[in-house]
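The values are calculated or read from the model by the stated rules, or taken from the named source; none is laboratory data. Keep in mind that this is a model prediction, so the values were computed, not measured. We place every Cβ from the backbone using ideal geometry, glycine too, and count neighbours over all the protein chains shown.
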Amino acid sequence: MKLYSWGANSYGQLSHGMQSEQCLYPTELVTTNTLENVVAVAGGGGHTLVLDSNGSVLGAGSNSHGQLADSSHNTTVLVRLQGLQEFSVTGVECGWDSSYAITRTGSVVAWGSNKYGQLGVSKEKVVTTKHPVVLDTPTIMQISAGLRHTAMVSSDGHVLTCGQASRGQLGVIGADGNVPKTDCDSLVRVEGVEDVCQVACGQHHTLALTADGRVYGWGDNRRGQLGQGPHHIPTPHLITTCEPGATIKAGWTHSAVLSGGKLTTWGRNSYSQLGHSCDQERVDRPTQLTDLRGVAQLELGSEHNLALLDNGEVWTWGWNEHGNCGTGTVENVAVPQLVNLPSSMSLIAAGAGHSLALKSSS
């Protein structure tokens, strides 16, 4: 089993044993532990989390807010995070500078930055892996974290959110009918959308997918990331529909759906992150990519994208300032381009400006 990474590495998030502005080509990770049976990988603003089948969580990169450990030191190689051994972790997620884990029982464990209440507890509370917080929630099935807010899906199909609220990204309005101007450091339930199976958080917007294939969104829409509509949409707004079993993803200011092996994107296109080979700054209508088929997994960074095909190939496009597209240059990539990896991959992940791909041993 081998894990490759490329792109931004200012904090050591690529786990190459050093810090650097960029890495232009996929490079195998350095780790103090043998990578065996990796089941999940997640990337944040400057850190990376890896989960193995034993429930152990490893991390590399920025630790400025305790998103990796109890100290403030960054780490340039993957190290096992202490303080999580008592939890049977089955999934991990990264915010910009916060970290989350879902346990086998559906509990959420969180640590790292809580400046905006994005961990779902009082902003006065300092949370690290030595003393992570276990949120008081119903059974949680999935979690997504944006720049300063977080969304979760409960087992009964409801969406819970917390964190920064000023752009409408929490999907709630106050008693006065306006978007709250203060952050929310406790989980609130989003009204107006039910039977939800997935959520995806962008910089200041949130997407939700229902079991019957309806895609809703709320929050900031200044780049068209919520489709057609006003600049701010504070409550759930139907964007499009797709086949049941689809996947939704959110970048900083663009959005995507993977359905039946095909991709549909919309929102900001300043860095060609929509993959349509057009020079429009934004696309408000969900538009299908015509050049890519057989997509098995899709991941969005802040403004770049990774697609894993059924045959194990990894394709990429969009913003490439740090080499995060893995093409050997820092030029933005207008249409999906094949990443030169040593063999077929089984899993991909994206941080804000870095990318990862896993080759299983089988």
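If only residues of the stretch 134-157 that are in contact with a Pro (Cβ under 8 Å, 6 or more places away or on another chain) and assigned to a loop (DSSP other than H, G, I, E, B) are counted, the one that is nearest to ALA40 (Cα to Cα) is SER155.
Yes or no, residue by residue, for (1) under 22 Å from ALA151 (Cβ atoms); (2) aromatic (Phe, Trp, Tyr); (3) assigned to a loop (DSSP other than H, G, I, E, B); (4) out of contact with any helix residue (DSSP H, G or I) (no Cβ under 6 Å at 6 or more places or on another chain):
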{"residue": "TYR216", "(1), (2), (3), (4)": "yes, yes, no, yes"}
{"residue": "ARG222", "(1), (2), (3), (4)": "yes, no, yes, yes"}
{"residue": "THR240", "(1), (2), (3), (4)": "yes, no, no, yes"}
{"residue": "LYS249", "(1), (2), (3), (4)": "yes, no, no, yes"}
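Residues that are buried (at least 18 other Cβ atoms within 10 Å of the Cβ), assigned to a strand (DSSP E or B) and modelled with pLDDT of 95 or more within the stretch 335-362 comprise PRO336, LEU347, ILE348, ALA349, ALA350, HIS354, SER355, LEU356, ALA357, LEU358, listed in sequence order.
Per the listing PRO230, PRO244, the residue uniquely in a loop (DSSP other than H, G, I, E, B), without any contact (Cβ under 8 Å) to a residue 40 or more places away in the chain and closer than 18 Å to LEU170 by Cβ is PRO230. If the condition is being among the hydroxyl-bearing types (Ser, Thr, Tyr) and either within 14 Å of THR316 (Cα to Cα) or within 21 Å of the chain's Cα centre (by Cα) (or both), then the stretch 330-362 contributes SER346, SER355. Taken over the stretch 237-252, the criterion of being surrounded by 14 or more Cβ atoms within 10 Å (Cβ to Cβ) and small (Gly, Ala, Ser) is satisfied by ALA246, ALA250, GLY251.
Of all residues in the stretch 97-113, those that are in contact with a strand residue (DSSP E or B) (Cβ under 7 Å, 6 or more places away or on another chain), outside any strand (DSSP E or B) and hydroxyl-bearing (Ser, Thr, Tyr) total 2.
Across the stretch 322-334, the qualifying residues are those that are touching a strand residue (DSSP E or B) at 6+ places or on another chain (Cβ under 8 Å) and of a type outside the set (Val, Ile, Thr), and the one among them that is surrounded by the most Cβ atoms within 10 Å (Cβ to Cβ) is ASN324. Restricting the stretch 251-297 to residues that are of a type in the set (Lys, Arg) and not in a loop (DSSP other than H, G, I, E, B) leaves a set whose member that is nearest to GLY351 (Cα to Cα) is ARG268.
When GLY224, GLY213 are checked against the criterion of being closer than 27 Å to LEU306 by Cβ, touching a Cys at 6+ places or on another chain (Cβ under 8 Å) and modelled with pLDDT of 95 or more, a single residue qualifies: GLY213. Of the strands (runs of 3 or more DSSP E) lying entirely inside the stretch 43-96, not one is found with 3 or more residues being surrounded by fewer than 17 Cβ atoms within 10 Å (Cβ to Cβ) and under 20 Å from the mean Cα position of the chain (by Cα). Taking residues in the stretch 82-97 that are among the β-branched types (Val, Ile, Thr), and partners anywhere that are surrounded by fewer than 18 Cβ atoms within 10 Å (Cβ to Cβ), the pairs with Cβ atoms closer than 7 Å and at least 6 places apart or on different chains are VAL89/GLY55; THR90/ARG104.
Which members of the stretch 166-190 meet the condition of being closer than 25 Å to GLY106 by Cβ and in a loop (DSSP other than H, G, I, E, B)? Selection gives GLN169, LEU170, GLY171, VAL172, VAL190. Looking only at the stretch 161-195, residues that are under 22 Å from the mean Cα position of the chain (by Cα) and without any contact (Cβ under 8 Å) to a residue 24 or more places away in the chain come to 2 in all. Candidates are the residues of the stretch 247-266 that are without any contact (Cβ under 8 Å) to a residue 60 or more places away in the chain and of a type in the set (A, V, I, L, M); the one that is farthest from CYS201 (Cα to Cα) is LEU263.
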